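The values are calculated or read from the model by the stated rules, or taken from the named source; none is laboratory data. Remember, predicted model here, so these are calculated numbers, not experimental data. All Cβ positions, glycine included, derive from the backbone under ideal geometry; neighbour counts span all protein chains shown. Keep in mind that these areas ignore ligands, DNA and RNA; they rest on the heavy atoms of the full protein, side chains included. Shrake-Rupley method; radii C 1.70, N 1.55, O 1.52, S 1.80 Å.
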Amino acid sequence: MKAAESRVLLTGAGGGIGEAVANVLVGSGASVLLAGRSPARLAAQMRGLQQRLPAARVEWHAADLQQASSITALARQASTWNCNVVIHCAGVAEFGRFDEAEPERMAQVLSTNLWAPMVLTQSLLPHLRGLAQAQVICVGSVLGAMGLPGFSVYCASKFGLRGFAQALRRELADTRVLVQYLGPRSTRTKFNSAQVEDYNQATGTRMDAPARVAQELLRMLETRTVERFLGFPEKLGVRVNGLAPVLLDSAFKTHRASLRARPQTSPQTINEAMKHAR
Ligand SMILES: NC(=O)c1ccc[n+]([C@@H]2O[C@H](COP(=O)([O-])OP(=O)(O)OC[C@H]3O[C@@H](n4cnc5c(N)ncnc54)[C@H](OP(=O)(O)O)[C@@H]3O)[C@@H](O)[C@H]2O)c1
């Protein structure tokens, strides 16, 4: 769909990639409904876009995607606004050894990265099905097609999102709704902690600028490419992993070595701290 004809509901609009996507879309003539959690930040982002591009067509709606009622309200607003493109960009990160992952955090990652896009898509489908053309673009990750040490929880969410996008695209093949999946590689945003940056450095993982991801997303919107991964050697890794994952099982020694265990607080350290506190 041409950008100028699209009315895009964009989740995660205030994040590093989301903000870049909003800039590129609005700059290309799209209408954008910014979604995020902070009304103040969304309003400021809208004003910023309107100041830079006086013809900008932007609105915002605050929603916490971990709440079903909030997702329903967002879907209602987006249907009334007549959106014809949904971009699922909101997401949360999780990095570290799996034996140290908190079960509550696992639930949060799965609900934000996987459950929320599923429920939002489902809530919007009756509206989208009635349009001449509609697109749902899931911002996944290279890690939705290749598991890496340290990202088991995050990978589970993005593999799930990719499976969802693929299955739904096939389910809707006879309709005018197209479901797409974009898999960026590591990208320079606040999403990545200092530990991830260290890991990237140790493993020679390159990072893209959010503006590059935004340009690729615009291209996907306009060309209707169903799935796209960014970066080399990541694209090659995804291909090989898809064909024969076992070939890569021995390739991640450096990645494993850079996953340091979290420092444990020993009983001795606790006793020392108690002594000083007294
Ligand atoms: N950065 C990377 O290295 C990288 C690589 C590949 C894929 N990705 C994917 O790209 C997407 C965007 O990442 P980013 O780098 O832009 O991350 P980011 O800067 O941390 O932004 C994430 C966005 O998600 C939103 N969000 C998180 N939890 C939410 C919730 N419960 N309800 C509503 N919104 C919520 C945040 O909204 P608030 O403004 O309300 O906090 C924020 O705008 C994510 O799906 C991520 O998995 C990132």
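In segment 192-201, is there at least one residue being more than 11 Å from the ligand (Cβ to nearest atom), buried (at least 19 other Cβ atoms within 10 Å of the Cβ) and under 22 Å from Gly237 (Cα atoms)?
Scanning segment 192-201 turns up at least one residue that is more than 11 Å from the ligand (Cβ to nearest atom), buried (at least 19 other Cβ atoms within 10 Å of the Cβ) and under 22 Å from Gly237 (Cα atoms).
How many of the residues making up segment 128-145 are more than 12 Å from the ligand (Cβ to nearest atom) and either free of Cβ contacts under 8 Å to residues at least 24 places away in the same chain or crowded, with 18+ Cβ neighbours inside 10 Å (or both)?
Residues in segment 128-145 being more than 12 Å from the ligand (Cβ to nearest atom) and either free of Cβ contacts under 8 Å to residues at least 24 places away in the same chain or crowded, with 18+ Cβ neighbours inside 10 Å (or both): 5 in total.
Just need a number here: residues in segment 24-33 that are open to solvent by less than 10 Å² (accessible area, probe 1.4 Å) and either more than 16 Å from Glu222 (Cβ to Cβ) or out of contact with any strand residue (DSSP E or B) (no Cβ under 8 Å at 6 or more places or on another chain) (or both).
Looking only at that region, the number is 1.
Whether any residue in segment 72-85 is within 10 Å of the ligand (Cβ to nearest atom), in contact with a strand residue (DSSP E or B) (Cβ under 8 Å, 6 or more places away or on another chain) and of a type outside the set (S, T, N, Q) is what I want to check.
Checked segment 72-85: at least one residue is within 10 Å of the ligand (Cβ to nearest atom), in contact with a strand residue (DSSP E or B) (Cβ under 8 Å, 6 or more places away or on another chain) and of a type outside the set (S, T, N, Q).
If you scan segment 34-66, which residues turn out to be surrounded by fewer than 17 Cβ atoms within 10 Å (Cβ to Cβ), more than 8 Å from the ligand (Cβ to nearest atom) and assigned to a loop (DSSP other than H, G, I, E, B)?
Listed by number, the residues that qualify are Leu53, Pro54, Ala55.
When you scan segment 80-88, do you find a residue that is at positive phi, touching a residue at least 60 places away in the same chain (Cβ under 8 Å) and not small (Gly, Ala, Ser), even just one?
Looking through segment 80-88, at least one residue is at positive phi, touching a residue at least 60 places away in the same chain (Cβ under 8 Å) and not small (Gly, Ala, Ser).
Considering only residues of segment 205-222 that are open to solvent by 60 Å² or more (accessible area, probe 1.4 Å) and free of Cβ contacts under 8 Å to residues at least 60 places away in the same chain, which is farthest from His88 (Cα to Cα)?
Arg206
Could you list all residues from segment 151-191 that are among the β-branched types (Val, Ile, Thr), surrounded by 17 or more Cβ atoms within 10 Å (Cβ to Cβ) and away from the ligand (no atom under 13 Å from the Cβ)?
Val177, Val179
Determine which single condition Val179 fails, assuming it passes every other condition in (1) under 17 Å from Ile17 (Cα atoms); (2) in a strand (DSSP E or B).
That leaves (1) as the condition not met.
Only one of (1) at negative phi; (2) surrounded by fewer than 23 Cβ atoms within 10 Å (Cβ to Cβ); (3) not small (Gly, Ala, Ser) fails for Val21. Which number is that?
Only one criterion in (1) at negative phi; (2) surrounded by fewer than 23 Cβ atoms within 10 Å (Cβ to Cβ); (3) not small (Gly, Ala, Ser) is unmet by Val21, namely (2).
Six or more apart or on different chains, Cβ atoms under 7 Å: show the pairs whose first residue is in segment 115-126 and within 14 Å of the ligand (Cβ to nearest atom) and whose second is in a helix (DSSP H, G or I) and open to solvent by less than 30 Å² (accessible area, probe 1.4 Å).
Between residues of segment 115-126 that are within 14 Å of the ligand (Cβ to nearest atom) and residues that are in a helix (DSSP H, G or I) and open to solvent by less than 30 Å² (accessible area, probe 1.4 Å), the close pairs are Ala116/Ile71; Pro117/Leu161; Val119/Ile71; Leu120/Ile71; Leu120/Leu74; Leu120/Ala75.
Yes/no per residue for (1) assigned to a strand (DSSP E or B); (2) among the hydrophobic types (A, V, I, L, M, F, W, C); (3) over 30 Å from Leu247 (Cβ atoms):
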position: Ser69; (1), (2), (3): no, no, yes
position: His127; (1), (2), (3): no, no, yes
position: Ile137; (1), (2), (3): yes, yes, yes
position: Cys155; (1), (2), (3): no, yes, no
position: Gly160; (1), (2), (3): no, no, no
position: Gly163; (1), (2), (3): no, no, no
position: Gln166; (1), (2), (3): no, no, no
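How many residues are open to solvent by less than 30 Å² (accessible area, probe 1.4 Å) and within 12 Å of the ligand (Cβ to nearest atom) if we restrict to segment 6-15?
5
Quickly run through segment 86-114 and pick out the residues that are within 14 Å of the ligand (Cβ to nearest atom), in a helix (DSSP H, G or I) and in contact with a helix residue (DSSP H, G or I) (Cβ under 6 Å, 6 or more places away or on another chain).
Val109, Leu110, Asn113, Leu114
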